[in-house]
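Undergrad: I have a structure I would like to understand better, so I am pasting it below and will then ask my questions one at a time.
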Amino acid sequence: MDKPDPAQQRINMQTHELLSPAEHKKQIEFQNEAVVHLHALYNYALHITMNPDDAEDLVQDTYLKAYRFFNSFERGTNCKAWLFKILKNNYINIFRKNSKEPGKVDYDLIKDFYHSIKDTRRDTTEADSDYFHTMLHEEVYQALLSLPEEFREVIQLCDIEGFTYEEIANMVDSPIGTVRSRLFRGRKLLRAQLEGYARTNGFTTDTDQ
Amino acid sequence: MNCNEALLLISAAVDGELSFTEKQQFLLHISKCEGCYGEFDDAQRTKMIIKERVVRFKAPQTLINSIMQLTSLSPKETF
């Protein structure tokens, strides 16, 4: 076995220590501003790819790009929105490049997801008499997935991720008025789906009474 | 404000995106119009159900580790 070259070792150590103060500052700022949104990004990536491996790759790639271009992030604006925009662009590029067909949903995969978390997540609103509250996570999610992508996307960004209309408009490259009307129509479609589930499960809705 | 104008504002009302004046006019309208109030209520409840019922997943530890590593590498290792 080769003995490590002390000179080379010294160079390696120096390189490691030679992290410039500016680079060091960037790292700390990046961790505070960007890395804190890791769970939200993974979650969204999982919802759009429906595949844990793809989601991981997508998030990793997003952070690599975000770190490289962190200087172009406008300080004081919403970093989470900036990251989501990068992730979305990445997603579009990857699916175009591989000519994969986006929006294909593996329903068995969703079932598995919900199966694995079924017992760990219990809602406290279970006793609520509102029929909505007796619905299963899985049904609500299936209803969401049944929507055309343009509606599902704005609902996810607004209701799940809590972005403002302005942030969403920027992410989906559409005017705020479009975001507004997509949310309205999307929620109406979703409502109809949920009422359909409620009816097949034997719950009466307000309109039946 | 008439019903058509109110309907256009429903999602913005649900999401707290109305201006002060819009909000006042909208609230006044739905206090008198049952149909628009129903639409507003439905939209609001639909938003709540999505918020409460869609499960959030945590990123796997391997991913967390690799992202953390990304921001603690020396310049030589990064490039």
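No lab work stands behind these numbers, since they all come straight from the coordinates. Keep in mind that what you see is a predicted model, and the values were worked out from it rather than measured. We place every Cβ from the backbone using ideal geometry, glycine too, and count neighbours over all the protein chains shown.
Undergrad: For the stretch B:47-55, in order, what is each residue's ³J(HN,Hα) by Karplus, 6.51 cos²θ - 1.76 cosθ + 1.60 with θ = phi - 60°, in whole Hz (x at glycine and Pro)?
TA: Listing the rounded values in order: 4, 4, 5, 5, 4, 7, 9, 7, 6 Hz.
Undergrad: Evaluate the Debye formula for the stretch B:3-78 with equal point scatterers sitting on the alpha carbons, no solvent, and hand back log10 of I(q)/I(0) at q = 0.12, 0.13, 0.18, 0.27 Å⁻¹, in q order, two decimals.
TA: Evaluating at q = 0.12, 0.13, 0.18, 0.27 Å⁻¹ gives log10 I(q)/I(0) of -0.54, -0.56, -0.74, -1.18.
Undergrad: I would also like to ask the following. Could you tell me which of the pairs A:LYS25/A:LYS80; A:LYS25/A:LYS65; A:LYS85/B:LYS32; A:LYS26/B:LYS51 are separated by over 29 angstrom between their Cα atoms in the structure shown?
TA: A:LYS85/B:LYS32; A:LYS26/B:LYS51
Undergrad: Using only Cα atoms, find the angle between the long axis of helix B:61-70 and the longest principal axis of chain B, and express it within 0 to 90 degrees, rounded to the nearest 10.
TA: Compared with the principal axis, the helix lies near 70 degrees.
Undergrad: Between B:LEU7 and A:GLU166, how many nm apart are label points set 7 Å from Cα along the C-beta direction?
TA: Calculated label separation equals 3.0 nm.
Undergrad: Report the calculated FRET efficiency for A:LYS65 and A:ILE176 (r = Cβ-Cβ distance, R0 = 41 Å), to the nearest 0.05.
TA: 0.95
Undergrad: Partner chain Cβ atoms within 10 Å, averaged over the residues of B:36-46 - can you pull that number for me?
TA: So the per-residue partner count for this stretch is 4.
Undergrad: Shielding by partners for A:82-95, please: the mean number of other protein chain Cβ atoms within 10 Å of each residue's Cβ.
TA: Average per residue, whole number: 0.
Undergrad: OK, next. Within 10 Å of each Cβ of B:6-14, how many other protein chain Cβ atoms are there on average?
TA: Per residue, the number of nearby Cβ atoms from other chains is 4 on average.
Undergrad: Moving on. Which FRET efficiency value, to the nearest 0.05, do you get for B:THR62 and A:ARG75 by plugging their Cβ-Cβ distance into 1/(1 + (r/R0)^6) with R0 = 25 Å?
TA: FRET efficiency, B:THR62 to A:ARG75: 0.25.
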